[in-house]
Amino acid sequence: MKWSNITQAIVFLSLAGPGILGNTLVFVRHVYMSALRTEKKPVDLILIHLAFSNIIIICSTGIRDMATMFYFRNFLGDIGCKAVVYLARMARGLSICTTCLLSVVQAVTISPRTGLWTKLKPQTVCQVLPFILVFWIINVLISSNLLSYIKAGGDLNRSMAIMYIGHCYMLPSRHIIKWLFLSLMTLRDVIFQSLMGWSSGSMALHLYKHHKQVLYLHSSRFANNSAPEIVATWSVLILMTCFLFFYWVDFILSFYSGFTVTRESIILNIKTFLELGYASFSPYVLISKDIHIPHVLHIC
């Protein structure tokens, strides 16, 4: 193996191992808690889905990177390349949508108890499930062009490729197809990141007001009663910050590598870190803060 591949293997294993472990813990914990409760909480379903999406990202990216690092040129083939690249792209979209849903639910939960916010706040698991189904439909469709344009490197005239993804390549597509799917992906990201921005701003404002109230009232009882809600809010804000960092740095690097068709080992190692970073770090934010929304919610 080349030193570049050894470095890539170290980066991958240092992220993938803890990432799979952390997401599995979050997944199992919330499935177990949901199974024990007679009163189901929507946040449990959201966290289960986020952990599941992160596991798909890590596993699909891992299979692709392992094939690249150890020169398993014929390991994937056309079907394998289509599967791992498609799953990674789709799961990344699911992670964006689910993180947004978590932030919006938390922002609505801690908002003033007015009539409008009470109507928006999900009270049952059944009110969250349709959103998750819509997320799947959206991301399955938006990523569907990859099934036609991803090919294995061994069966391809590589001068035709416009993007290098491990031993898999993306063929050029018609401009109308390329811009259609690019526009849909951009629209999805703008909508969900705008919602994240609104919810993050709302939560930050609530934390600021809470801090001022605590200082003004000097009431430890008030602070203690609000502690679980405030801790959950801080957790989601940290999650938002991590997501935006990894998303935008990866976007800039992908934009650069997409135009240069680069195969530089440093760029590929950074991209591997960015692709796996949020999926690997986010469960430990949730575990360390132990998200808990202290409201009685009933199953439908």
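The values are calculated or read from the model by the stated rules, or taken from the named source; none is laboratory data. No experiment lies behind these values; they were computed from the predicted model shown. Here the Cβ is made from the backbone with ideal geometry for all residues, glycine too, and neighbour counts use every protein chain on show.
Count, please, the residues in the range 20-52 that happen to be closer than 17 Å to I96 by Cα and touching a Gly at 6+ places or on another chain (Cβ under 9 Å).
1
Evaluate the range 239-248: report whether one residue or more is more than 26 Å from V128 (Cβ to Cβ), at pLDDT 65 or above and either touching a Phe, Trp or Tyr at 6+ places or on another chain (Cβ under 7 Å) or in a loop (DSSP other than H, G, I, E, B) (or both).
Initially, the range 239-248 is screened for residues more than 26 Å from V128 (Cβ to Cβ), giving 245, 248.
From what's left, at pLDDT 65 or above: 245, 248.
Remaining after also requiring either touching a Phe, Trp or Tyr at 6+ places or on another chain (Cβ under 7 Å) or in a loop (DSSP other than H, G, I, E, B) (or both): none.
Taking every residue of the range 239-248 in turn, none turns out to be more than 26 Å from V128 (Cβ to Cβ), at pLDDT 65 or above and either touching a Phe, Trp or Tyr at 6+ places or on another chain (Cβ under 7 Å) or in a loop (DSSP other than H, G, I, E, B) (or both).
Quick check: anything in the range 28-39 buried (at least 19 other Cβ atoms within 10 Å of the Cβ), in contact with a Leu (Cβ under 9 Å, 6 or more places away or on another chain) and modelled with pLDDT of 85 or more?
Going residue by residue through the range 28-39, those that are buried (at least 19 other Cβ atoms within 10 Å of the Cβ) are 30.
Those still in the list that are in contact with a Leu (Cβ under 9 Å, 6 or more places away or on another chain) too: 30.
The next check asks that each one be modelled with pLDDT of 85 or more; those that pass are 30.
Yes: one or more hits.
Would you say L25 is among the aliphatic types (A, V, I, L, M), at pLDDT below 85 and surrounded by fewer than 17 Cβ atoms within 10 Å (Cβ to Cβ)?
Numbers: among the aliphatic types (A, V, I, L, M): yes; at pLDDT below 85: no; surrounded by fewer than 17 Cβ atoms within 10 Å (Cβ to Cβ): yes.
Against the criterion (among the aliphatic types (A, V, I, L, M), at pLDDT below 85 and surrounded by fewer than 17 Cβ atoms within 10 Å (Cβ to Cβ)), L25 does not qualify.
If you go through the range 186-197 one residue at a time, how many are over 15 Å from F243 (Cα atoms) and either modelled with pLDDT under 90 or outside any helix (DSSP H, G or I) (or both)?
1
Mind checking which pairs have a first residue in the range 243-256 that is within 18 Å of V285 (Cβ to Cβ) and a second that is assigned to a helix (DSSP H, G or I) and at pLDDT 85 or above, Cβ under 7 Å, 6 or more apart or different chains?
F243/T99; F243/Y278; F246/G277; F246/Y278
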